[in-house]
Amino acid sequence: MNRPDKDNHNKKSIRMRLNKKIRKVKTLFKQLKGNPHHVALGMGLGVFVCATPTFPFQTFLAIALSYVFRANKVAAVIGSWIAAPAIPFFYLGSYKTGVLILGDSLCVDFNFKSFTDIVNSGFDVAYAMLAGSILVGFIFGAASYFITLKIIKTIRANNSTVLL
């Protein structure tokens, strides 16, 4: 009988947790220093690296690429961490995209239980994943770049009007 009140409370609780996470990310973005282009480039590079089949080394690769492209290193790390929950989807999408690029048929049933299963599935899968991850990573990395650039510019514009 108290079910509607409990459901309403759960919705409020979820909404409050989501708002708290959004405020935390906003604060994190406010604390990032540097040119908005460099910050956004770091974020894009971090997301790009997450799409590649380099799971244990993604943070290190994101930092290395941020040095090469003179991007914000902290933003690159944040990008690789934010995109990390999407890694299984990136890997599946990268594999299927790679198969389309290379012109092979889907030769593997994607019912892997661990990263080791992927490694043991052979060079063909790794090659397809690598080929596809470049395209998938570029698309999501570019989207992250433009979204982050807009967010950083908006946050900084709002902060400058508040300070005046």
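The values are calculated or read from the model by the stated rules, or taken from the named source; none is laboratory data. Being a predicted model, the structure only gives us computed values, none of them experimental. All Cβ positions, even for glycine, are placed from backbone atoms using ideal geometry, and neighbour counts span all protein chains on display.
Per-structure values
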{"quantity": "Answer from Val47, Val74, Val25 - the residue that is over 24 Å from Ile134 (Cα atoms) and surrounded by 12 or more Cβ atoms within 10 Å (Cβ to Cβ)", "calculated": "Val25"}
{"quantity": "For Pro88: the one exception among (1) in contact (Cβ under 8 Å) with a residue 40 or more places away in the chain; (2) exposed (fewer than 15 other Cβ atoms within 10 Å of the Cβ)", "calculated": "(1)"}
{"quantity": "Test result for Val49, of a type outside the set (S, T, N, Q), modelled with pLDDT of 90 or more and more than 19 Å from the chain's Cα centre (by Cα)", "calculated": "no"}
{"quantity": "Whichever residue in segment 72-106 is out of contact with any Gly (no Cβ under 9 Å at 6 or more places or on another chain) and over 30 Å from Pro36 (Cα atoms) and, among such residues, is modelled with the highest pLDDT", "calculated": "Leu92"}
